Amino acid sequence: MSLAEVWGVVPAGISGVMVKVEVDVARGLPSVGVVGLAHTSVAEARWRARSAIVNSGFTWPNSRITIGLSPADLPKTGTSLDLPIAVGLLAATSQIAKLGSNVSFIGELGLDGAIKPVPGVLAAAISAQRHGVSTFIVSAGNSREAREVEGLEVIAVTNLRQLIAVLRNEDAGEEVDQFPAMIDDANALGDFSEVRGHDVARFALEVAAAGGHHCSLLGEPGVGKTMLAQRFVSLLPELNQQQALDVTSVHALAGRIESGHGLLRRPPFIAPHHSISAGAMLGSVRNGVLLPGALTLASEGVLFLDEAPEFDRPCLEGMRQPLEQGSLALMRVGQTVIAPARFQLILAANPCPCGQAIGRGDGCTCGAQQKRRYLQKLSGPLMDRIDIRISLTRPTDAHLRMSAGESSDVIAQRVLLARDRAHVRWTNESWNLNAQAPGSVLRSSYPPDAAGQGLLERAESRGLNPRGSDRVLRMAWTLADLEAQDQPNNDHVATALSMRGGGFE
Ligand SMILES: [Zn+2]
């Protein structure tokens, strides 16, 4: 008889994968086969589609029906292909006209023909739009999130009858309100105006925000590390549209926000407890669907590890790849899912297991070896990525009596201007933050002025290693950007040198 092709989308990792559904209706004994690595939930789609079609007043043929799903090697789960399978059958039997590849469907079918929402529609809509889909047909319950994607015409339907009327140009689909503006409370994590004292840390975090530098804070318990880290997010610029879509789909996938919630516009702040398992830290893959871990939830935002040496080694080791590549490969049998993990790391640690070894360290009861082992857990590849390392001291009574410091808004303005200068400088490069600039490029093409270079070389001759030197250069550029200077000078290099020790070396 006839063959029809329809495009659907299934969740795969953080995004969606376009799936071509081919429905072949042929003479022969009545049967319905599904080919192409379909999980039980997808194989059962044929029965949901048959009931929905019959109960909506259309015809299910008494023929040999074969439903092919490709790419064949992609495991397919869930109910999101119900809709394209039913549409394919209707097209193969000429009950509706055939469709082009610019139209795609996602939705679960009830036996009565109702079209129900499925999880992961925002990510699926983004993928569909990137693959050239211009018309995306979804359940009314999913339409708000899909409508966030620019350049995609979204048609919302509530049942199969209405869908067919839409495809026959007899119905326009459901009216849907635009998304309500997103309520994410930028002030929920506090403002820098509430911070008394801590001048060094305030400045270090301003530099970290301006250059995208990872940062470590060393200090005794209760000195204010968490309070400072939480406020760090308020210095970062809003997410752009692309980042907002990516962050929102990850957080929706993790069930942290409800479907229909607006776009997340502020960088996320993720602060896992040190007892977190490696699975929860890195994420996992179940039935081809990514369950994002803390590293992925923090993507485009801030990952704060308090008491960092207390985290299990696999959690700390698992951060190496994200810190280098901005992503994380999660492997499962026959399948690798790449999860985004481009976060800014703020790491906090006590100076020693008992927490008292700061300043003269009179109260510390730890042995020398115990102390070394404690901070060594963070050494090597992880600390190599951390440009800014500072020690915090407890504010004195005089500090606490001082009037409030600058507000986050004021600092964030300077951060934005500094980032703009860096963006202009790196226009033709593959990075746009100073922290991402390779040391070799900085050394060869972006040195500080003569005095700054002299100071850097003297530090090198006194034992500053090449990686340490790269970190100083990256920071010096950010300090120059914050002062609207065209090249780092002696002061910038000196300040950068002072901000890279912090008790770890
Ligand atoms: Zn101690």
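The values are calculated or read from the model by the stated rules, or taken from the named source; none is laboratory data. All values derive from a computational prediction rather than experimental measurement. Virtual Cβ from ideal backbone geometry, glycine too; neighbours counted across all protein chains shown. Protein only, heavy atoms only, side chains kept; ligands, DNA and RNA dropped before computing areas. Shrake-Rupley method; radii C 1.70, N 1.55, O 1.52, S 1.80 Å.
Yes or no: the stretch 55-65 includes at least one residue that is in contact with a helix residue (DSSP H, G or I) (Cβ under 6 Å, 6 or more places away or on another chain) and modelled with pLDDT of 90 or more.
yes
For the subset of the stretch 274-292 comprising residues that are modelled with pLDDT under 90 and touching a Phe, Trp or Tyr at 6+ places or on another chain (Cβ under 9 Å), which member is most open to solvent (accessible area, probe 1.4 Å)?
If we take residues in the stretch 274-292 being modelled with pLDDT under 90 and touching a Phe, Trp or Tyr at 6+ places or on another chain (Cβ under 9 Å), then S275 is most open to solvent (accessible area, probe 1.4 Å).
When you scan the stretch 108-125, how many residues do you find that are crowded, with 24+ Cβ neighbours inside 10 Å and under 25 Å from the mean Cα position of the chain (by Cα)?
Number of matching residues: 7.
Identify all residues within the stretch 328-354 that are open to solvent by 40 Å² or more (accessible area, probe 1.4 Å) and among the β-branched types (V, I, T); write none if there are none.
Those that are open to solvent by 40 Å² or more (accessible area, probe 1.4 Å) and among the β-branched types (V, I, T): V333, T336, I338.
For the stretch 479-500, enumerate the residues that are assigned to a helix (DSSP H, G or I), within 23 Å of M383 (Cβ to Cβ) and not small (G, A, S).
L479, H492, V493, T495, L497 - these are the residues of the stretch 479-500 that are assigned to a helix (DSSP H, G or I), within 23 Å of M383 (Cβ to Cβ) and not small (G, A, S).
Can you spot a residue in the stretch 254-265 that is modelled with pLDDT under 90, polar (S, T, N, Q), open to solvent by less than 40 Å² (accessible area, probe 1.4 Å) and over 30 Å from Y374 (Cα atoms)?
no
Going by the conditions given, is A97 open to solvent by 10 Å² or more (accessible area, probe 1.4 Å), on the phi < 0 side of the Ramachandran plot and modelled with pLDDT under 90?
Taking the combined requirement at face value, the residue satisfies it.
Residues checked against (1) of a type in the set (A, V, I, L, M); (2) at positive phi:
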position: A52; (1), (2): yes, no
position: T59; (1), (2): no, no
position: G107; (1), (2): no, yes
position: L122; (1), (2): yes, no
position: N159; (1), (2): no, no
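Among L382, L400, L347, which is the only one that is more than 16 Å from the ligand (Cβ to nearest atom) and either among the charged types (D, E, K, R) or over 30 Å from V285 (Cα atoms) (or both)?
None of the other options fit; the residue is L400.
S216 - would you say it is outside the structural domain of A123 (by TED's automatic domain parsing), open to solvent by less than 10 Å² (accessible area, probe 1.4 Å) and over 30 Å from S127 (Cα atoms)?
yes
Given the options L295, L303, L228, L239, name the one that is open to solvent by less than 10 Å² (accessible area, probe 1.4 Å) and not in a helix (DSSP H, G or I).
Matching residue, one of L295, L303, L228, L239: L303.
In this structure, does G318 turn out to be surrounded by fewer than 19 Cβ atoms within 10 Å (Cβ to Cβ) and either under 25 Å from R394 (Cα atoms) or more than 12 Å from the ligand (Cβ to nearest atom) (or both)?
When the stated conditions are applied, G318 does not pass them.
Would you say E310 is of a type in the set (D, E) and buried (at least 21 other Cβ atoms within 10 Å of the Cβ)?
No; evaluated as a whole, the condition is false for this residue.
Considering only strands (runs of 3 or more DSSP E) fully contained in the stretch 1-116, which possess at least 3 residues that are acidic (D, E) and in the same structural domain as R130 (by TED's automatic domain parsing)?
The strands (runs of 3 or more DSSP E) meeting that bar number zero.
Within the stretch 365-373, is there a residue that is of a type in the set (S, T, N, Q), over 29 Å from V195 (Cα atoms), more than 16 Å from the ligand (Cβ to nearest atom) and open to solvent by 50 Å² or more (accessible area, probe 1.4 Å)?
No, that holds for no residue.
Which ones in the stretch 242-253 are touching a residue at least 40 places away in the same chain (Cβ under 8 Å) and open to solvent by 20 Å² or more (accessible area, probe 1.4 Å)?
Selection gives Q243, D246, A252, L253.
Take residues that are closer than 30 Å to M227 by Cα and in contact (Cβ under 8 Å) with a residue 12 or more places away in the chain and tell me which of the helices (runs of 4 or more DSSP H) falling wholly in the stretch 405-478 contain 2 or more.
Fully inside the stretch 405-478 and qualifying: 408-425.
Six or more apart or on different chains, Cβ atoms under 6 Å: show the pairs whose first residue is in the stretch 343-358 and within 15 Å of G501 (Cα to Cα) and whose second is away from the ligand (no atom under 12 Å from the Cβ) and charged (D, E, K, R).
Going by the 6 Å Cβ cut-off, the qualifying pairs are A348/K225; A348/D306.
Scanning the stretch 189-211 for residues that are touching a strand residue (DSSP E or B) at 6+ places or on another chain (Cβ under 7 Å) and open to solvent by 10 Å² or more (accessible area, probe 1.4 Å), which turns out farthest from R389 (Cα to Cα)?
Here the answer is L189.
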